[in-house]
Amino acid sequence: MTEICYITEYINKEVEIRGWVYNKRETSNIVFINIRDGTGVIQVLFLKERFTTIQVNQILSLLVESVISIKGFVRIEKKAPYKEVEVHASLYSILFENTVEFPISKKDHSDGFLMKYRHLWLRSSRQHLILKIRSAVINAVREYFEVNNFTLVDSPIFTASSCEETSTLFNTKWVNNESVYLSQSGQLYQEAACMAFRKTYCFGPVFRAEKSKTRRHLNEFWMVEPEMAFADLDRIIEVAEELICFTVSKVLEKHEKDLSDILERELTILKMLRRPFVRMTYVDAKHKLELLMNKQLEGDFGAPQETELSFMHDRPIVVTHYPAQVKPFYMKRDESDVRFVKCMDILAPEGYGEIIGGSQREEDYESLKKNILNTGLNEYDFSWYLDLRQYGTVVHSGFGMGIERLVAWICGLHHLREAIPFARTIERIRP
RNA sequence: UCCGCGGUAGCUCAGUAGGUAGAGCGAGUGGCUGUUAACCACUAUGUCGGCGGUUCAAAUCCGUCCCGCGGAGCCA
């Protein structure tokens, strides 16, 4: 059996392909069927004179997404819709004949309808490509860390305490009926790991019970979180920039044509991507925004401001030194101005906004303990974390990168839910 | 949780001086052509989200509930 992605290696040879009926058309003496096998799509030509009337009718009556096996010769044909190659069928056998119509047709569906049929929507060329790119992104990220001597140290998913906002924790019951939570981030455990391995990362699903209903939020998403001992804020920004550039270049290497053909992605910015990115402090960014919008801003940026910033340059923007009061307890204060912390957000251009958030961590025992108590967190739950500051504590930094947000930017997606196979959002846990 | 929009054929939608419904796609039938989301003609399909109210009469007006979508806050 031949996979369609390799079919051009079999020109003028006989192949057997198996796949799903993607589309079919008929002329006076030919039946055309496009076959999709998961690795590609190819046009199969049935010359009516080579089959009985019963066979021709059987082929014509196949509903979309029925399964068929075909033997035939691969021929070069300029008019063929895929790869300028088509298969001239000599034998076929029907492996599964659908009796109900496939709910997804070639056009005109709302997002709600398609999400309801997400299990079938995955078969469309667009969704197929997006998930192929997601796979390429994840492989590139892992490759970057392997090449740069990071060690994969998985963080646990069940945790006894929060590491961010307690209000967005998914609560469940442990074996002994004690309350446990689904992790919102693996970071705290990476801080432990990097003191053992120097450079580590984790990659896994994280869970946030946010009641957000926007296209940039999911309640379950995948995050990659590197952590480095002896690295300060500047160093971690370099790593983040390198990681993004490396990943984008790997994806383009493999999928550049499909990105522009199938997703109609304008690729100029992705192809021009180089470090360093645009750097600005929170205060700078705020001034720029205030000038642009002609009004005063207070506190953290909201999503609209982030989007504005994100449109201002043709490469990602690194915003550093946010006010301490809007950031979590573990971030290191800036010695030159303690109102701010040594943190960074990286905003993707083209209106996509935040894809990375990171910081230098507080390594001083007393300061960290004070922050934990001030945040109203339970000292007992964080005793192991505080312990790290008693045994050989060092400057260290890390960040979290949202895989779906990166995929969404690279693919130019409107909504994050297309960037994950089965999105979990406030309104949808099925399929 | 708050704000806004919506629920009419399998799908996407149109449908206000209130008079029990239409188009395109899909499906079926016929025709035409190496077709490309093929094309042309014809045919069938509806508890107009649920419940209650106003009215001679409700998809349309009122109340209420359910569901979906977008945004805010928060974040990756």
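What to note about this one:
- Each of A:GLY412, A:MET312, A:THR2 was scored by the projection of its Cα onto the charge dipole of chain A, and the greatest displacement toward the positive side belongs to A:THR2; charges sit on the C-beta of Lys, Arg, Asp and Glu.
- Per residue value of the accessible surface for the range A:193-245 (all protein chains in place, 1.4 Å probe), Å²: 40 Å²
- Positive-end residue, chain A charge dipole about Cα centroid, Cβ charges, pick of A:ILE42, A:SER125, A:ALA423: A:ILE42
- For A:THR425, residues with placed amide H under 5 Å, excluding near neighbours: A:ASN219
- The residues A:GLU49, A:GLU241, sorted by heavy-atom accessible surface at 1.4 Å with ligands and nucleic acids left out, run A:GLU49, A:GLU241 from largest to smallest.
- Accessible surface of A:TRP222 - all protein chains present, 1.4 Å probe, nearest 10 Å²: 80 Å²
- FRET efficiency for the pair A:GLU9 and A:GLU366, taken as 1/(1 + (r/R0)^6) with r the Cβ-Cβ distance and R0 = 56 Å, rounds to 0.25.
- Simple Cβ-charge dipole of chain A, Lys/Arg +1 and Asp/Glu -1, about Cα centre, in debye nearest 20: 1340 debye
- Global form of the range A:287-431, assessed from the alpha-carbon gyration tensor, a/c cut-off 1.5: oblate
- The charge dipole of the range A:4-96, taken about its Cα centre with unit charges on the Cβ atoms of Lys, Arg (+1), Asp and Glu (-1) only, comes to about 140 debye.
- Computed lengthening from A:THR375 to A:LYS106, 0.36 nm per intervening residue step minus Cα-Cα distance: 91.6 nm
- Linear extension gain, A:ASP284 paired with A:THR168, 0.36 nm per residue minus alpha-carbon span: 38.7 nm
- Taking Cα centre as origin and charging only the Cβ of basic (Lys, Arg, +1) and acidic (Asp, Glu, -1) residues, the dipole magnitude of the range A:42-104 rounds to 320 debye.
- The range A:299-386: trypsin sites (Lys or Arg not before Pro) in DSSP loop, at most 16 other beta carbons within 10 Å: A:ARG339
- Cβ-Cβ FRET estimate between A:TYR391 and A:VAL326, R0 fixed at 41 Å, reported to 0.05: 0.85
- An ellipsoid equivalent to chain A, defined through the eigenvalues of its Cα gyration tensor, has semi-axes of 50, 23, 20 Å when rounded to whole angstrom and sorted largest first.
- Enclosing the Cα atoms of the range A:4-96 in their convex hull gives a volume equal to 83 cubic angstrom per residue.
- Spin-label model distance (nm) - A:MET272 vs A:GLU350, 7 Å beyond Cα toward Cβ: 1.3 nm
- Solvent-accessible area of A:LYS71, all protein chains in place: 90 Å² (probe radius 1.4 Å, heavy atoms, ligands and nucleic acids excluded).
- Per residue, the solvent-accessible area of the range A:330-413 (1.4 Å probe, heavy atoms of protein chains only, all protein chains present) comes to 37 Å².
- 3J(HN,Hα) from dihedral phi, the range A:63-79, Karplus parametrisation 6.51/-1.76/1.60, rounded to Hz, x for glycine, proline: 7, 3, 6, 5, 10, 9, 10, 10, 10, x, 9, 7, 10, 6, 8, 4, 7
- Think of the range A:118-419 as having a plus end and a minus end, set by charges on the Cβ of Lys, Arg, Asp and Glu; of A:LEU273, A:THR393, A:ASN148, A:LEU273 sits farthest toward the positive end of this dipole.
- A:THR200 - accessible surface, heavy atoms, 1.4 Å probe, Å² rounded to 10: 0 Å²
- As a length-normalised measure over Cα pairs under 8 Å and 6 or more apart, the relative contact order of chain A settles at 13 percent.
- Chain A: calculated mean residue ellipticity at 222 nm from DSSP helix runs of at least 4, using -39500 (n - 2.57): -9000 deg cm²/dmol
- Taking the protein heavy atoms of chain A in the context of the full set of protein chains, the accessible area attributed to carbon and sulfur is 50 percent at 1.4 Å.
- Distance between the 7 Å Cα→Cβ label points at A:ASN139 and A:GLU77: 3.1 nm.
The values are calculated or read from the model by the stated rules, or taken from the named source; none is laboratory data. A quick note: this is a predicted structure, and the numbers were derived from the prediction, not measured. All Cβ positions, glycine included, derive from the backbone under ideal geometry; neighbour counts span all protein chains shown. Note: areas computed on protein heavy atoms with side chains; ligands, DNA, RNA excluded. Shrake-Rupley method; radii C 1.70, N 1.55, O 1.52, S 1.80 Å.
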